[in-house]
Amino acid sequence: MKELEKNYNPSQIEEKLYQKWLDHKYFHADAARGKKEGRKPFTVMMPPPNVTGQLHMGHAVDNTMQDILIRYKRMQGYEALWQPGTDHAAISTEVKVIDKLKSEGIDKQDLGRDGFLERCWDWKREYENRIVKQLYKLGSSADWDRMRFTMDEGCSDAVLEVFVKLYEKGYIYKGSRIINWCPVCRTSISDAEVVHEEQNGFFWHINYPVVGEEGCFVEIATTRPETMLGDTAVAVNPEDPRYQKLIGKTLELPLTGRQIPVIADEYVDKEFGTGCVKITPAHDPNDFEVGRRHGLEEICIMHDDARIDCPGSKYDGMERYEARKAIVEDLEKMGLLVKVVPHAHNVGIHDRCKTTVEPMIKPQWFVKMEEMAQPAIQALQSGELKFVPESFGKTYLHWLEGIRDWCISRQLWWGHRIPAYYCQDCGEILVAKNMPDTCTKCGGSHFRRDEDTLDTWFSSALWPFSTLGWPENTKELEYFYPTDVLVTGYDIIFFWVVRMVFSGLEQTGKTPFHTVLIHGLVRDSQGRKMSKSLGNGIDPLEVIDKYGADALRMTLMTGNAPGNDMRFYWERVENSRNFANKIWNASRFIMMNMGNGPVEEAPLNRLTMADKWILSKVNSLAKDMTENMDKYELGIGLQKVYDFVWEEFCDWYIEMVKARLWDEKNETRKAALWTLKTVLIQALKLLHPYMPFITEEIFCNLQDEEESIMVSSWPVFKQEWSFAREEREVETIKEAVRAIRNVRTAMNVPPSRKAKVYVVSEDQKMLDIFAHSKVFFAMLGFASQVCLQQDKAGIDDDAVSAVISGATLYMPFAELVDIAKERDRLVKEKERLEKELARASGMLSNERFVAKAPESKINEEKEKQEKYRQMMAQVEVRLAQLERKQS
RNA sequence: GGAGAUAUAGCUCAGCUGGGAGAGCAUCUGCUUGACGUGUAGAGGGUCGUAGGUUCGAGUCCUAUUGUCUCCACCA
């Protein structure tokens, strides 16, 4: 048997073991094999990290949870597929490549579309590997042989297929609508990519003259005066008495001289501002709606880079904020600027580049959402789709119920190019997977393909089935789809989960997964989000280097409930590291005692009470763990193995068993060794999904029969390992040991001072329990001898006592004990018992309790009451003795 | 404005279907016993945000209220 190092050193073994797993292809799932061997599939889709990304704590939590589920199911005998891949991350990658080009003095336009895309692919090849290697370090048991990329051939084909199908169904349309425009990235962005930030700005109050009524004005207030160049109306609330007579009149728009009407629309809030709103349909989403309702002209006054587009005017070509300044100055000169009021308001910012977005009307492609949202809503209501924790289902519903059409076109080059072809002869739009030969309308053969690409989420929405070969009906798709659990943070429910669900339902008729397991964010120790700008991020790789992947994984899973945020503390990592070291040393101890020979199988009837107790404990732990795993309560599961290993197994069982191990002639030595090894292996298996590396290392050192713990079988509850009586008996022993330790500490007795321990009970069965346990007292270092008797014969009156349920323990070290102190202690104990008795009798004398509570609960209370009565009697006797002694 | 989450020991958090308040860290006190000081034995510390209600019984369920956080929508 190999000798282990004194301290666990993760860095030495993690890489070696991961390579071993890869070499043995343990991560690989196979549909044909699974089918042939009659296994059930279990599938998890890895949320594809951005190719340009670096591993952060979010990935670490997300992937740890998935790995735990996959390893658990794999051990349970499922054909467990964890499908990995990466995302092309359109904007993010394009921006980075552009930056890199800039540093080389190259402009995107100079390279041309193909040249630029080549640079993007170079970037992808260079960085994809980085994030994948980082996921290796976590211990992720994903099926890397099936690695996919959202822009690889298969996924791209799925994208085209879906686009064409949705177009033909009328769910995809092209239209001019107001969208969020990023003047720096020069592309439209979705609502979800816009973040709102409060900024201190101003409210400019401006007078618009009423046509034909000299000296008569309408005062409007705006935060963006430059947009007035595009005003096509002023609106008031139809119910507003102040402005009734204005409705229908015509105003002259200052600076342009254009004539615009005053209209009435519910949208206007009477209480806000002046109650008169300038309407700029081309540059404000609300105004756009108003404009469409009233058939107003939509005048676009800005170029794509946010310079003013107003030919013939002095503002033409000005940058938007420059124009704002000029316009305000001019209005002031004209005497039309009424006042300027400081005003804090929210400004939309592009989350990637932080530029203030400009609402613009642009021809864009949209997905009609109304029909597709319905089945997705129903999936949740029918229970076909479930969120853990459930409350996130409300977030999901809320979003779907208020869903708007999805703008899917992006003015980027890196991404899936929209498969729409414009006939150069007649202008007809043809949508097809490949460029058509002839125009269906005019028979022409010259086409221009749409320049735009699709929103990144369009392809990720198809991830659960595109990766399995859809639209082909592959054996993988048939076997592994629909998948089982999707693990993700609550921050991308809208972006991704919703879109996967409606896409899956629309394309395959099935929800792509039955459960969405939501986790929270990892925050810093002060509760702040980890972010680049704050510089407060903790690099998971640094944690792994210092403490090992297992410690990181354990830290992220401890004391954490689904959906809740957690804070990162280095102290917690240390605790995890300490736990790893604890198991390491327990294993080391066991192996030292095993010697070189094999551990013989011990028949159950040769086991001692302690052996049966720990076996029974690990047995019910297996059941408990399985239940918690199935409920996705990963934090609770971990807590349970932790407590078992550290407290029950190390602090109690190993200590109980030492004396037997050291005595080569002891006839129960072999039983002890067998139990130690067996229980340890069970515990290692239960822990393996959480801490794959250390459990594998110990497992392989401990036994020769199996080559890896990750393909060993998950422990199941066995009736023959269930020993209720022994569990109770050992609990009694533990109670006794604790009682004695407490008394001795309370009495300030040094551990080196040994004393006799008398166990007194009228109940012979009770004494029998202790008959087997003399060895514990000796081993625990404070009993020179243990005497069992039914009465107090031979025990000095001033012996110190400890009362436990069913027995009283005495230690005759009279000379060490201060009688007054002992009396105080007993008085305290008496008070405690009185409280307990009051509680029990309070319940039992309550007629309604007795009438309504379940029988088992009543009996439980009666037993407790009886137990406390007995203890109380003992305490009273002891007190009386002391009184006599003192007087 | 809409929705959701959360409030438990000094700190960070568990506490699953209601039935005697827990962990880690921190603090204090012991322990050079042959796996581990990354250890071990013990102690102190909480009227479970507040007020009602349901119940024989509420940290747990309901209502209201307060604080904190998050998401969505955004007022020109």
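The values are calculated or read from the model by the stated rules, or taken from the named source; none is laboratory data. Everything quoted here is computed from the prediction, not taken from an experiment. Virtual Cβ from ideal backbone geometry, glycine too; neighbours counted across all protein chains shown. Each accessible area value is taken on the protein alone, full model and side chains, heavy atoms only, with ligands, DNA and RNA left out. Shrake-Rupley method; radii C 1.70, N 1.55, O 1.52, S 1.80 Å.
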Please go through the range A:547-565 and give me each residue that is within 11 Å of RNA strand B (Cβ to nearest atom) and of a type outside the set (A, V, I, L, M, F, W, C), ordered by number. A:547, A:548, A:555, A:558, A:559, A:560, A:562, A:563, A:564, A:565
Which members of the range A:836-852 meet the condition of being within 6 Å of RNA strand B (Cβ to nearest atom) and open to solvent by 70 Å² or more (accessible area, probe 1.4 Å)? A:848, A:852
Could you figure out which of (1) of a type in the set (Ser, Thr, Tyr); (2) surrounded by 16 or more Cβ atoms within 10 Å (Cβ to Cβ); (3) more than 16 Å from RNA strand B (Cβ to nearest atom) isn't true of residue A:176? (2)
Those residues of the range A:491-501 which are crowded, with 22+ Cβ neighbours inside 10 Å, within 16 Å of RNA strand B (Cβ to nearest atom) and β-branched (Val, Ile, Thr), in sequence order: A:497, A:498
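So which strands (runs of 3 or more DSSP E) are wholly in the range A:153-219 and hold at least 2 residues that are aliphatic (A, V, I, L, M)?
On the way: elements: A:172-182, A:187-189, A:194-209.
Qualifying strands (runs of 3 or more DSSP E): A:172-182, A:194-209.
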Output the number of residues of the range A:289-325 satisfying the condition of being without any contact (Cβ under 8 Å) to a residue 60 or more places away in the chain and of a type in the set (Gly, Ala, Ser). 4
Among the residues of the range A:1-15, write down those that are surrounded by 12 or more Cβ atoms within 10 Å (Cβ to Cβ) and either in contact (Cβ under 8 Å) with a residue 60 or more places away in the chain or of a type in the set (D, E, K, R) (or both). A:1, A:4, A:8, A:10, A:11, A:13, A:14, A:15
Go through the range A:151-170 and give me each residue that's open to solvent by 20 Å² or more (accessible area, probe 1.4 Å) and under 20 Å from residue A:120 (Cβ atoms). A:151, A:152, A:153, A:154, A:156, A:157, A:160
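Looking for whichever is surrounded by fewer than 20 Cβ atoms within 10 Å (Cβ to Cβ) and more than 26 Å from residue A:362 (Cβ to Cβ) here; the options are A:285, A:311, A:209. Which one fits?
That would be A:209, the only listed residue that is surrounded by fewer than 20 Cβ atoms within 10 Å (Cβ to Cβ) and more than 26 Å from residue A:362 (Cβ to Cβ).
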In the range A:542-577, which residues are more than 21 Å from residue A:69 (Cβ to Cβ), in a helix (DSSP H, G or I) and touching a helix residue (DSSP H, G or I) at 6+ places or on another chain (Cβ under 9 Å)? A:543, A:545, A:546, A:547, A:570, A:572, A:573, A:574, A:575, A:577
Report the residue count in the range A:332-367 for those that are more than 26 Å from residue A:98 (Cβ to Cβ) and among the β-branched types (Val, Ile, Thr). 4
Among (1) modelled with pLDDT under 95; (2) in a helix (DSSP H, G or I); (3) more than 6 Å from RNA strand B (Cβ to nearest atom), there is one condition residue A:636 misses while meeting the rest; what is its number? (3)
Out of the range A:448-490, which residues are within 16 Å of RNA strand B (Cβ to nearest atom) and hydrophobic (A, V, I, L, M, F, W, C)? A:457
Long-range neighbours under 6 Å by Cβ, at least six apart or interchain, first residue touching a residue at least 24 places away in the same chain (Cβ under 8 Å) and polar (S, T, N, Q) within the range A:567-578, second open to solvent by 70 Å² or more (accessible area, probe 1.4 Å) and part of a helix (DSSP H, G or I): none
Within the range A:853-868, how many residues are within 11 Å of residue A:805 (Cα to Cα) and near RNA strand B (Cβ under 7 Å from one of its atoms)? 2
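In this structure, is residue A:504 away from RNA strand B (no atom under 14 Å from the Cβ) and surrounded by fewer than 20 Cβ atoms within 10 Å (Cβ to Cβ)? Lay out the reasoning, then the answer.
On the way: away from RNA strand B (no atom under 14 Å from the Cβ): yes; surrounded by fewer than 20 Cβ atoms within 10 Å (Cβ to Cβ): no.
Spelling it out, it is not the case that residue A:504 is away from RNA strand B (no atom under 14 Å from the Cβ) and surrounded by fewer than 20 Cβ atoms within 10 Å (Cβ to Cβ).
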Test residue A:827 against the criterion of being under 23 Å from residue A:745 (Cβ atoms) and assigned to a strand (DSSP E or B), and give yes or no. no
Taking the condition of being assigned to a helix (DSSP H, G or I) and either in contact with a Pro (Cβ under 8 Å, 6 or more places away or on another chain) or touching a residue at least 40 places away in the same chain (Cβ under 8 Å) (or both), how many residues in the range A:369-409 meet it? 11
Whichever residue in the range A:579-618 is among the small types (Gly, Ala, Ser) and within 16 Å of RNA strand B (Cβ to nearest atom) and, among such residues, is farthest from residue A:687 (Cα to Cα): A:595
Filter result for the condition that a residue is among the hydrophobic types (A, V, I, L, M, F, W, C), under 42 Å from the mean Cα position of the chain (by Cα) and open to solvent by less than 20 Å² (accessible area, probe 1.4 Å), over A:586, A:602: A:586
